[in-house]
Each structure stands twice: as C-alpha cells, then as structure tokens.
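The values are calculated or read from the model by the stated rules, or taken from the named source; none is laboratory data. From a predicted model like this one, the values you see are computed outputs, not experimental measurements. Here the Cβ is made from the backbone with ideal geometry for all residues, glycine too, and neighbour counts use every protein chain on show. Remember, those area values only see protein heavy atoms, side chains included, never the ligands or the DNA or RNA. Shrake-Rupley method; radii C 1.70, N 1.55, O 1.52, S 1.80 Å.
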Amino acid sequence: LQKQWDAMEKSEIEMKLYAEVAHAREMYVKAREAVFQEQKDGSFEKASDMADAVLLPALNVYTDSLKALSDQQGQHINSLSADVESQYHLGKMLMSGLGALALLAGITFAIWITRSITRPLSKAVRVANAIASGDLTSRIIVKSNDEVGLLLEAFKDMNQSLVKIVEEVRGGTDTIAA
C-alpha cells in the first residue's frame, strides 16, 4: 500500500496530510511499544495507565489524521468525477453535433445525387415526348458521357434519322405530285 501511495501523484495538501499521518503513526507505534514493554516487564497497572494516558490519545490522533487524509482524497475524487462528468457531456454534445453535421451532409449529398440523375432523365423524357408528338425540330444537346448522355445521343441520332426520312418522303411525294 505504501509503494502504491508513493507512486501516486499528490497535491501539496495531500503531502502535508500524509506527513501528519506518518508522524501520528510513529507516535502511536512508540506509545504501543512502551505499553507492551511495561506489560512484558510485569507492570500491568502502569501499562493500563499508559494505555489510557498515552496510547489512546496517540491512536485518536493517528485515526483523525487518517480520516483527514481520506476526506481530502474523497474531495479530490469528487472533483475528478465532476471533471469527468463535464468531459462526458462535452463529448456527448460534440458527438451529437458531428452526427447532425454528418446527417446534413448525407441529406445534401443524397439530394445532389438525386438531382444529378433526375434532371438529365427529365430532359430525355421531354425529348422522347417531343419526338413522339411529331416535333422533329428540337435541338438535342448532349453534355455528358454517362448512360443518360448515351440515351440523349441515341435520341439525337433517331431525331436526325427521322428528319432525313421525312425529308426523303416529302421529296418523294413532291416528285410524285409534280
């Protein structure tokens, strides 16, 4: 226990209290040895008087000094506990904030991805509807090389082919009519 105590980090107050404990213990041990020596020498009445007059007060001083050290360490532990509690709440708030930020970033990214898919698809649908309704005058501009860009490129080619076919048919009907 002594080695563990010596290895611990101590404040000035704890060092002072520990010095008081060590001194009180030393006084108690000396008083106890004196009482035991009197008993060993056969002076039981003198040993009893010394126990009441010297040993008991030394024991009280020793236990009071231990209690003072224990109380101070309890206060230190409570202070550390409050610091830990504060750090826990700070960490909890930080994690909540980071979680909210990650959620916001995820939502933003999801909206961006959705729009990057739906906008070109909407354009492809408009082009397909225009072709289906017979409007071959639409200018189809392809700006991407992805799947939707390939689809728009196919619509563009189809539109150009249909324009060419319509022109050939008109040319044929004009020739027949003339």
Length-normalised contact order of the chain in % [C-alpha pairs under 8 Å, at least 6 apart]:
15 percent
Residues of type aspartates and glutamates that K92 reaches as a straight line, Cα spacing below 15 Å, ignoring anything fewer than 8 places off in the same chain:
D83
Could you check how much of the accessible area of segment 17-126 is carbon and sulfur, as a whole percent, using a 1.4 Å probe?
65 percent
List the trypsin sites (Lys or Arg not before Pro) within segment 84-161 that fall in a DSSP loop (any state other than H, G, I, E or B) and whose Cβ has at most 10 other Cβ atoms within 10 Å.
R139, K143
Pull out the extension gain between R119 and E85, defined as 0.36 nm times the separation in residues minus the alpha carbon to alpha carbon distance; nm, one decimal.
7.2 nm
I'd like the Kirkwood hydrodynamic radius of segment 62-111, using the inverse of the mean 1/r over distinct C-alpha pairs, in Å.
14.0 Å
Could you tell me the ratio Rg/Rh of segment 38-133? Both radii from Cα atoms, Rh via Kirkwood.
1.84
If the viscosity is 0.692 mPa s and the temperature 37 °C, what Stokes-Einstein diffusion coefficient in µm²/s follows for segment 117-173 when Rh is the Kirkwood radius over Cα pairs?
276 µm²/s
Which entries of K10/K40; K10/K46; K40/K67; K30/K67; K143/K164 show an alpha-carbon separation above 30 angstrom in the structure shown?
K10/K40; K10/K46; K40/K67
Here the residues of segment 51-93 lying in the modelled label zone of L104, meaning backbone nitrogen under 16 Å from a point 7 Å along Cα-to-Cβ, are 93
Using a 1.4 angstrom probe, figure out how much accessible area segment 45-178 has per residue, in square angstrom, rounded to the nearest whole.
76 Å²
Kirkwood Rh and Cα Rg combined as Rg/Rh, the chain
1.82
